[in-house]
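Remarks on the structure that follows.
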Amino acid sequence: MLNNLINEHSFLTIVGMGFVTYLTRISGYLLLRNKDYPKLTRVLEILPGCVMISLIAPIFVTGKLSDLIAVTLTIITAMRFSFLVTLVVGIGSAGILRFFLPMILH
C-alpha cells in the first residue's frame with residue numbers, strides 16, 4: 001500500500017528529516033534544562049527577531065512592488081500591535097496584494 005502512495009526513498013527521507021528536526025529541538029532542551037546562562041538567555045530571547053529578519057530580508061531583493069508594500073505594512077504593524085496581529089496583517093496583505101496589484105497595474 002505504501003508503494004501506491006509514495007516512493008520508498010521519499011518516505012524514508014521524510015521520516016529521516018522529521019527525526020533530525022526533532023533531535024535538534026530536543027537536544028537543546030536536554031543540554032540546557034538545568035543550566036543558567038544569562039548571556040545565552042538574552043541571545044535566545046532576541047533570536048525570534050533575527051529569524052523574522054532573515055525571512056523578510058530576501059523580499060527586499062525581489063523588487064516586486066506587492067512584496068515591498070506588504071513588508072512595509074508588516075513593519076508598521078509590528079511597531080504598534082502584537083505578534084499575532086502582525087502575522088495576520090503580513091500574510092494577509094502579501095496574499096491580497098500579490099493577487100490584486102498585478103490586475104490594477106496592467
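Sequence-distant or interchain residues sharing an amide H contact under 5 Å with F81, placed H: which?
Distant-sequence amide H within range of F81: zero hits.
Hey, what's the Cα Rg ratio for segment 1-87 versus the globular rule of thumb, 2.2 N^0.38 Å? Working shown, then result.
Values: Rg = 19.5 Å, N = 87, 2.2 N^0.38 = 12.0 Å.
That works out to 1.63 for segment 1-87.
Suppose the chain between L87 and L105 were pulled fully straight at 0.36 nm per residue; how much longer would it get relative to their current alpha carbon spacing? All intermediate terms of the calculation are to be shown ahead of the outcome.
Values: separation 18, 0.36 × 18 = 6.48 nm, distance 2.62 nm.
Extending this stretch completely gives an extra 3.9 nm.
Please list, in order along segment 4-16, the HN-Hα scalar couplings obtained from phi with the Karplus expression 6.51 cos²θ - 1.76 cosθ + 1.60 (θ = phi - 60°), rounded to whole Hz, x for Gly and Pro.
6, 8, 8, 4, 4, 5, 5, 4, 5, 5, 5, 4, x
Plugging the Kirkwood radius over Cα pairs into Stokes-Einstein for segment 38-106, at a temperature of 10 °C and a viscosity of 1.306 mPa s, what D comes out in µm²/s?
Working: Rh = 13.2 Å.
For the chosen part, D equals 120 µm²/s.
Could you derive backbone 3J(HN,Hα) for segment 87-94 from the dihedral phi with the Karplus parameters 6.51, -1.76 and 1.60 (θ = phi - 60°), listing whole Hz in sequence and x where the residue is Gly or Pro?
Calculated HN-Hα couplings, in order: 4, 5, 5, x, 5, x, 5, 4 Hz.
Taking θ as phi - 60°, what are the ³J(HN,Hα) couplings along segment 40-48 by the Karplus curve (6.51, -1.76, 1.60), each to the nearest whole Hz, with x for Gly and Pro?
Each residue's phi maps through the Karplus curve to give 5, 4, 5, 5, 5, 6, 7, 3, x Hz.
Under a point spin-label approximation (7 Å from Cα along Cα-to-Cβ), what is the M17-K39 distance to one decimal in nm?
3.6
Taken together, the values in this text are just the output of simple stated rules run on the coordinates, not laboratory data. Predicted model only: the values in this text are computed from it and were never measured. Quick reminder, even Gly has a Cβ in these numbers, built from the backbone with ideal geometry, and neighbours come from all protein chains shown.
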